[in-house]
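One structure below.
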Amino acid sequence: MAHDKRPLSPDLQIYRPQLTSVLSISHRVTGITLSVGTLLLIFWLLAAAAGPQAYSIVQSFMHSWLGLLLMLGWTFSFFFHLCNGIRHLVWDAGYGFELRTIYASGWTVVAASMALTVAAWFSSFVVIG
């Protein structure tokens, strides 16, 4: 019997990405991003507790382009993970498994995540800025 050089089970190299698979992978990635971003939050809190000089250094980094980019990514990750988590709770209750509903809720998660991120950043610049 000849052995083919094919994988034994389907993987990402065989199937074309679909919304459901992209959102599933994104949910895992945003979970990791939230964990790493929380370390940045802890660093900021420790700097605040250490005194004005340490806090000033961290604040200058947070207001740099890299700090703002990291915070934007963390904010989007937070809202994406939240919205997709709510979607999973609805699924856990046994609803929303029709193909049309799965795609509608998937695009709703993406749109709501973007809208909430924009709203959070807009309100932070209006209130704080």
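The values are calculated or read from the model by the stated rules, or taken from the named source; none is laboratory data. Keep in mind that this is a model prediction, so the values were computed, not measured. Cβ placement follows ideal geometry from the backbone for every residue including glycine, while neighbour counts extend to all protein chains displayed. Heads up: the accessible areas ignore ligands, DNA and RNA and are worked out on the full protein's heavy atoms, side chains in. Shrake-Rupley method; radii C 1.70, N 1.55, O 1.52, S 1.80 Å.
Mind listing just one residue for me: the one in the stretch 102-123 that is closer than 12 Å to LEU23 by Cα and open to solvent by 60 Å² or more (accessible area, probe 1.4 Å) and, of those, farthest from the chain's Cα centre (by Cα)? So the residue we want is TYR103.
When the stretch 13-65 is examined, which residues are found to be β-branched (Val, Ile, Thr) and part of a helix (DSSP H, G or I)? Break it down stepwise before answering.
Step one: list which residues in the stretch 13-65 are β-branched (Val, Ile, Thr), which gives 14, 20, 22, 25, 29-30, 32-33, 36, 38, 42, 57-58.
Correct list: THR20, VAL22, ILE25, VAL29, THR30, ILE32, THR33, VAL36, THR38, ILE42, ILE57, VAL58.
Tell me whether the stretch 91-101 contains one or more residues that are open to solvent by less than 30 Å² (accessible area, probe 1.4 Å) and assigned to a helix (DSSP H, G or I). For the stretch 91-101, residues open to solvent by less than 30 Å² (accessible area, probe 1.4 Å) and assigned to a helix (DSSP H, G or I): absent.
When restricted to residues that are among the hydrophobic types (A, V, I, L, M, F, W, C) and open to solvent by 60 Å² or more (accessible area, probe 1.4 Å), the stretch 34-67 contains 14. Look at the stretch 102-118: where a residue is more than 14 Å from ILE86 (Cβ to Cβ) and a partner is open to solvent by less than 30 Å² (accessible area, probe 1.4 Å) and at pLDDT 95 or above, sitting 6+ places away or on another chain with Cβ atoms under 7 Å, you get ILE102/GLY96; THR117/THR75. Quick check on LEU19: is it in contact (Cβ under 8 Å) with a residue 40 or more places away in the chain and open to solvent by less than 70 Å² (accessible area, probe 1.4 Å)? Judged against the criteria, LEU19 is a match.
For the stretch 42-59, give me each residue that is among the β-branched types (Val, Ile, Thr) and under 17 Å from TRP74 (Cβ atoms). Don't jump to the end; show me each part of the working.
So the first thing to find is which residues in the stretch 42-59 are among the β-branched types (Val, Ile, Thr), and the list is 42, 57-58.
Correct list: ILE42, VAL58.
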